[in-house]
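For reference, the structure discussed in these notes is given below.
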Amino acid sequence: MLPAAGQRLGRTAALSSGTIAGPLFVAAFTTIGALRPGYDWRHLPVSSLACGRGGWLQRANFVLTGSLYCHASTELARCPDRRIGPRAVALLVGGVGVGLIGSGVFVTDPVGGFPPSPTGGAGNLRVGPADSVRTLGGRLHNLFAIPIFAGIPIAALASAVTAIRGHDCRWAAYSAGSAASVVGTFLLFGAAFAPSSRLAQVGGIFQRVSIGVGFGWLSALSFRAGHRG
């Protein structure tokens with residue numbers, strides 16, 4: 001009985017990790033952004049919070065959230081296909097975790113003039129295309145974003161296909177809609193940082209919608225895995 005109880009506890013802990021990871025991540029970067037002088041969440045990316053003094057807080061946020069998703073993926077891999085979809089879904093969730101950890105280890109390059117120049121102050125803030133300097137760390141940061149913003153919609157679509165086959169229309173519609181929303185808002189976010197983009201002032205909003213929808217779907221997936229018979 002004790003080993004069985006321990007297994008149930010471990011299963012609950014893993015799936016709870018996937019359920020709470022997204023809300024904790026959003027709450028953390030929202031708080032961190034509110035405390036950073038010169039940071040405007042409406043047009044600056046979440047990753048910019050990892051730059052400069054105090055950036056360790058957002059880097060820790062990336063790593064902690066990624067670790068929670070990696071933990072959740074180990075239990076999602078044991079769930080029946082009818083609950084979450086093919087085994088690839090669990091692998092993709094694990095990829096999201098690895099992507100977040102990598103995003104915390106490698107810091108993005110400055111964008112939109114943030115953080116401000118130590119010599120120029122807040123007046124140097126510039127909204128628009130990314131700054132011209134590109135570092136190896138910044139490139140690696142962008143590479144680690146791929147399994148996050150590509151992996152979530154692929155996982156959601158795979159889960160939707162399985163749900164359709166099982167005649168679970170509500171989950172299929174929610175998953176497919178989430179996939180489309182993540183992709184659409186992420187493309188708008190990317191377009192906001194193109195040269196002379198008219199969307200520059202709201203690029204951060206698009207990214208936050210993409211994160212909220214995508215991580216919200218991961219929370220729902222983990223909850224579903226633990227509460228469906």
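Observations on the structure shown:
- Only one of Gly54, Gly38 that is within 30 Å of Ala194 (Cβ to Cβ), assigned to a loop (DSSP other than H, G, I, E, B) and touching a strand residue (DSSP E or B) at 6+ places or on another chain (Cβ under 7 Å): Gly38
- Matching residues in region 21-58 - criterion: being more than 14 Å from Pro115 (Cα to Cα) and within 13 Å of the chain's Cα centre (by Cα): Ala21, Gly22, Pro23, Leu24, Phe25, Val26, Ala27, Ala28, Phe29
- Condition met for Ser47 (over 13 Å from Gly104 (Cβ atoms), surrounded by 21 or more Cβ atoms within 10 Å (Cβ to Cβ) and either among the polar types (S, T, N, Q) or without any contact (Cβ under 8 Å) to a residue 12 or more places away in the chain (or both)): no
- Where Ala72 falls short, out of the listed (1) more than 16 Å from Phe223 (Cβ to Cβ); (2) touching a residue at least 40 places away in the same chain (Cβ under 8 Å): (1)
- Among the residues here, Val105 qualifies as within 17 Å of the chain's Cα centre (by Cα), touching a residue at least 24 places away in the same chain (Cβ under 8 Å) and surrounded by fewer than 18 Cβ atoms within 10 Å (Cβ to Cβ).
- Within region 110-131, the set of residues being modelled with pLDDT of 60 or more and closer than 18 Å to Gly190 by Cα comprises Pro110, Val111, Gly112, Gly113, Phe114.
- Residue match in region 77-85 (condition: under 19 Å from Ala150 (Cα atoms) and surrounded by 23 or more Cβ atoms within 10 Å (Cβ to Cβ)): yes
The values are calculated or read from the model by the stated rules, or taken from the named source; none is laboratory data. Everything numeric here is computed off the predicted structure, so don't read it as measured data. Cβ: placed from backbone, ideal geometry, glycine included. Neighbour counts: every protein chain shown.
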